[in-house]
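Worksheet for the structure shown next.
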Amino acid sequence: MTSVSEAVERRRSCRAFRPDALSKDVVQDLIERSLRSPSGGNVQPWRIIAVAGEEKDALTRMAQAELFSNPKGDDDGYPIYPPGLQEPFRSRRYQVGEDLYAALGVAREDRPARYAWVANNFSFFGAPVGLFFVTRKSFGHGQWAHLGMLMQTITLLAEEQGLGSCMQEAWAVVRKPLHTQFNLDADEVVYAGLALGHPDVDAPVNQWRSRRASVAEIAEFRGF
Ligand SMILES: Cc1cc2nc3c(=O)[nH]c(=O)nc-3n(C[C@H](O)[C@H](O)[C@H](O)COP(=O)(O)O)c2cc1C
């Protein structure tokens, strides 16, 4: 049995998957168990839309067409990063990109290769299943944050089963067409996607680890 510590330690964003399908039962069970995630006031400010097969492929085609005509997406007031991301956050973001492209062997100046890689988000990096996390525009920052609890629980439960996952805010650039595709009501909004499947452990992109700030940088201890 995988301990929580092992799942936390082993989990990493998986960006290459084997094509093996996941049954609806497996995905449903994962979601069912993840619903024990906490949320303030037990509001459970979320909905999940799981896609596979032709439904998933149709989203890939939609996103590719959309990105071709509108590469940056519409400004819907929910940018992935705030404009003018401050230090040290800006450098951390930059660093993870550099580390990722180094693992892929893509040079800094090779912009076409970098864009091509980003486009892989929209085929879920080859994963057989995509999850979309839906919340509400009328919710406050608290409820949006609580959605992260659910997402993290799913990734750890997936890890326990030997499955890989990658959260994907990249889908934010096609929020509008996703809204239409999923027939969401006016107040609903897709926050992010998540690729889910069996990891391709041999793929170079899955063989590096992102860095972390040290405890000394992010925590302070008082009164011990
Ligand atoms: C909410 C959220 C959205 C993310 N969106 C993307 C994404 O669109 N594409 C991607 O390749 N990685 C995405 N990531 C993965 C992060 O880059 C990754 O979690 C971070 O670099 C730490 O690496 P690790 O997950 O391997 O520990 C996302 C992570 C989170 C938490």
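Read-outs throughout are calculated quantities, based only on the coordinates presented, and are distinct from any laboratory measurement. Worth saying up front: this structure is predicted, and the values here are computed from it rather than measured. All Cβ positions, glycine included, derive from the backbone under ideal geometry; neighbour counts span all protein chains shown.
Points to keep in mind about this one:
- Simple label model, 7 Å out from Cα along Cβ direction - ILE80 to GLU220, nm: 3.3
- Relative contact order of the chain, defined on C-alpha pairs under 8 angstrom at six or more residues apart (%): 38
- Cα gyration tensor, the chain - rounded (a/c under 1.5), prolate or oblate: rounded
- Residue-averaged [θ]222 nm for the chain, counting only DSSP H segments that reach four residues, each worth -39500 (n - 2.57): -12500 deg cm²/dmol
- Share of Cα-Cα pairs in segment 122-224 lying beyond 15 Å, as whole percent: 71
- Highest mean packing first, where packing is the average number of other Cβ atoms within 10 Å per residue, the peptides 171-179, 34-42 line up as 171-179, 34-42.
- Charged-residue dipole, Cβ positions (Lys, Arg, Asp, Glu), the chain about Cα centre, Debye nearest 20: 420
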